[in-house]
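Below you'll find the structure, written out as structure tokens, and then a few comments.
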Amino acid sequence: MKIGILQTGEAPDALRDLGDYPDLFVRLLQGHGFDFAIYPVLHGQFPASVHDCDGWLITGSRHGAYEDHPWIPPLEDFIRASYSAGVPMVGVCFGHQIIAQAMGGRVEKYAKGWSAGATTYDFGGESVKLNAWHQDQVVQKPDSATRIASNDFCENAALLYDDRMFTVQAHPEFDARFMEGLIEKRGKGLVPEAVLSAAAQRLAEPLDRGPMAARIADFFKSKARPKTAA
């Protein structure tokens, strides 16, 4: 099964030795039988058709979904086309937000600030811990989306759009080492010191990255449809 990674951001230069964002997802989903193709949509490089791959994954980004960038409107068009065609799509952080925006929801810079580090979410009674790194969030979900995870800070922490799109605000692709790098080399002057300090204290906490990778893989495999003509 071929998964197209729609790259909407780039890892900070100081962390590039740990991998760029697509590399992190390839590692996260290793062992699940996928092949990958990478499309740097932030540089205007889009697939020719939603049927070029069997599923799509939209990465995180330092950009806001509501910002004025030339690649955001065509990405929203691609999201809606993928949904209409029934090609499964997963969105993570910015990916979660841009899918919600494309489908009629609202994304904002959250008034209560940042979430960073190991964070626990309620997935329908199941406690799931993943690394978070965001200030923007989905403040109004689309009518077509069902909320499947939340916590006190982030109401719309994961959304499911029928059987076609699955999105999460947290970063299952971020391990403790990458999070430590963000705290030390990206966060200072951007994220409040108290938030960074609390995140640093939680670096050793176990994460549910493996189970979330399996959830994403199962979603792709169970929702994939035969290719049709574009």
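The values are calculated or read from the model by the stated rules, or taken from the named source; none is laboratory data. None of these values were measured; they are calculated from a predicted model. Cβ: placed from backbone, ideal geometry, glycine included. Neighbour counts: every protein chain shown.
Evaluate the range 67-89: report whether one residue or more is at positive phi, in contact with a Lys or Arg (Cβ under 9 Å, 6 or more places away or on another chain) and in contact (Cβ under 8 Å) with a residue 60 or more places away in the chain.
Here is the first cut: in the range 67-89, the residues at positive phi are 86.
Remaining after also requiring in contact with a Lys or Arg (Cβ under 9 Å, 6 or more places away or on another chain): 86.
Now narrow it down to the ones that are in contact (Cβ under 8 Å) with a residue 60 or more places away in the chain: 86.
Among the residues of the range 67-89, at least one is at positive phi, in contact with a Lys or Arg (Cβ under 9 Å, 6 or more places away or on another chain) and in contact (Cβ under 8 Å) with a residue 60 or more places away in the chain, which makes the answer yes.
Can you tell me which residues in the range 150-173 are aromatic (Phe, Trp, Tyr) and crowded, with 22+ Cβ neighbours inside 10 Å? First the steps, then the outcome.
Kept after step one, since they are aromatic (Phe, Trp, Tyr), are these residues of the range 150-173: 153, 161, 166.
Phe166, the sole residue that qualifies.
From Leu190, Leu196, grab the single residue that is in contact with a Gly (Cβ under 7 Å, 6 or more places away or on another chain) and more than 20 Å from Ala102 (Cα to Cα).
Only one candidate passes the filter, namely Leu196.
For the range 50-85, give me the residue count where each residue is in a loop (DSSP other than H, G, I, E, B) and either basic (Lys, Arg) or over 23 Å from Asp23 (Cα atoms) (or both).
6
Is it fair to say Phe25 is more than 20 Å from Leu130 (Cα to Cα), surrounded by 15 or more Cβ atoms within 10 Å (Cβ to Cβ), among the aromatic types (Phe, Trp, Tyr) and at pLDDT 95 or above?
It is false that Phe25 is more than 20 Å from Leu130 (Cα to Cα), surrounded by 15 or more Cβ atoms within 10 Å (Cβ to Cβ), among the aromatic types (Phe, Trp, Tyr) and at pLDDT 95 or above.
Failed condition for Asp35, given (1) surrounded by fewer than 17 Cβ atoms within 10 Å (Cβ to Cβ); (2) under 18 Å from the mean Cα position of the chain (by Cα), with all others met?
Only one criterion in (1) surrounded by fewer than 17 Cβ atoms within 10 Å (Cβ to Cβ); (2) under 18 Å from the mean Cα position of the chain (by Cα) is unmet by Asp35, namely (2).
Restrict the check to the range 156-164 and report whether at least one residue is touching a residue at least 12 places away in the same chain (Cβ under 8 Å) and more than 25 Å from Val26 (Cα to Cα).
Yes: one or more hits.
Those residues that are in contact with a helix residue (DSSP H, G or I) (Cβ under 9 Å, 6 or more places away or on another chain) and farther than 12 Å from Leu75 by Cβ, I need them from the range 51-62; list them, please.
Within the range 51-62, His51, Asp54, Gly55, Leu57, Gly60, Arg62 qualify.
Working only within the range 92-149, note down all residues that are surrounded by fewer than 20 Cβ atoms within 10 Å (Cβ to Cβ), assigned to a strand (DSSP E or B) and at positive phi.
none
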